[in-house]
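This report concerns only the one structure given below.
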Amino acid sequence: MTMKVLYGAGPEDIKTYDTARLRAEFLMEDLFREDKVSFTYTHVDRLILGGAVPVSQTLAFGSGEDIGTPFLLSAREMGVANLGGTGTIVVDGKSFTLENRDVLYIGRGAREISAASADADNPARFYMNSVPAGADIPHRLIKRAESKLLTFGDPKRANLRNLRMYIHPEVTPSCLLLLGITDLAEGSIWNTMPPHLHERRMEAYCYFDLPEEERVIHLMGRPEETRHLVVKNLDAVLSPAWSIHMGAGTAQYAFVWGMTGENQEYNDVAPVALSELR
């Protein structure tokens, strides 16, 4: 298990960043490595992002050595989304089978966690978000059919999309973590329209199901002074509370969104008019 650390940056800081520095601070390109568990710890609301791709072996993790606690989830909760083939997560001896686009909520206090794939030729790809938690909530597997489906956008504006809520008060409880998956309709390229800010919550995106040669242009930064990141399949992006987050892809794609902060009010946002973007 590896743990990379990022310290975050403010809107004034990124005015001086070149492309390499912007990517180093906000983009994670190496979360999904075969037979590895990779984590990135960010001081942006102390979110941990992780990836695990068990192929030839079961991958075990759960130590809190890198974060100064007895176990990784001694004072944290975690959401695990399976973006690959069928796999199994075992939490303190209890087994959960995740099909593609199923999500597992792991509550505070879990000690030993392991991940395995049902088929090495079509391995599971487990994407993880973990945030500090102040309550003990039972683990729960949320199947795709159990998620709450919302449809947004308009095909005439190339932003029609289906959003599924998994870890959300209306589906399954958590302390502060929210997590879901958004799919762009065929022919639509724009996500998160209209753009917005949510000052009381940060967010992270993990783009997936994007053809290998295609890219998403992810826009971030203050509305009056935007920046962009060119991202590929299975890249993850940090979006601090002060930053907009929206993007356009060159082909059909999906993304996992995870949030944490002061509340779990999904509509606690400040919309930004397109005319205000610079």
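The values are calculated or read from the model by the stated rules, or taken from the named source; none is laboratory data. This structure is a prediction, so every number in the text was calculated from the model and none was measured. A quick note on method: Cβ atoms are made from the backbone with ideal geometry, for glycine too, and the neighbour counts reach across all protein chains shown. Just the protein is used for accessible areas: all its heavy atoms, side chains included, with ligands, DNA and RNA removed. Shrake-Rupley method; radii C 1.70, N 1.55, O 1.52, S 1.80 Å.
Values for this structure:
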quantity	calculated
Residue within the stretch 67-74 that is under 19 Å from the mean Cα position of the chain (by Cα) and under 26 Å from VAL231 (Cβ atoms) present	no
Residue within the stretch 164-184 that is in contact (Cβ under 8 Å) with a residue 24 or more places away in the chain and more than 18 Å from the chain's Cα centre (by Cα) present	no
Count of the stretch 33-70 residues which are among the hydrophobic types (A, V, I, L, M, F, W, C), assigned to a loop (DSSP other than H, G, I, E, B) and in contact with a Pro (Cβ under 8 Å, 6 or more places away or on another chain)	2
Residue within the stretch 3-14 that is more than 29 Å from PRO169 (Cβ to Cβ) and modelled with pLDDT of 95 or more present	no
Extreme residue, nearest to ALA135 (Cα to Cα), among residues of the stretch 76-95 that are over 20 Å from the mean Cα position of the chain (by Cα) and assigned to a strand (DSSP E or B)	VAL91
Long-range neighbours under 8 Å by Cβ, at least six apart or interchain, first residue on the phi > 0 side of the Ramachandran plot and charged (D, E, K, R) within the stretch 23-38, second open to solvent by less than 40 Å² (accessible area, probe 1.4 Å) and modelled with pLDDT of 95 or more	ASP35/VAL53; ASP35/PRO54; ASP35/VAL55; ASP35/LEU59
Check on LEU73, aliphatic (A, V, I, L, M), closer than 16 Å to SER130 by Cβ and not in a strand (DSSP E or B)	yes
Count of the stretch 127-186 residues which are outside any strand (DSSP E or B) and more than 16 Å from ALA248 (Cα to Cα)	20
Tally, over the stretch 187-197, of residues that are open to solvent by 50 Å² or more (accessible area, probe 1.4 Å) and at pLDDT 95 or above	3
Scope the stretch 236-271; condition more than 25 Å from THR40 (Cα to Cα) and of a type in the set (S, T, N, Q); matching residues	THR250, GLN252, ASN267
First in the stretch 9-20 and among the polar types (S, T, N, Q), second anywhere and assigned to a loop (DSSP other than H, G, I, E, B) and open to solvent by 100 Å² or more (accessible area, probe 1.4 Å), Cβ under 8 Å, 6 or more apart	none
Subset of the stretch 32-63 (residues that are open to solvent by 20 Å² or more (accessible area, probe 1.4 Å), of a type in the set (S, T, N, Q) and farther than 16 Å from VAL90 by Cβ)	SER56
Filter result for GLY85 (open to solvent by less than 40 Å² (accessible area, probe 1.4 Å), more than 20 Å from LYS4 (Cβ to Cβ), touching a Ser or Thr at 6+ places or on another chain (Cβ under 8 Å) and at pLDDT 95 or above)	yes
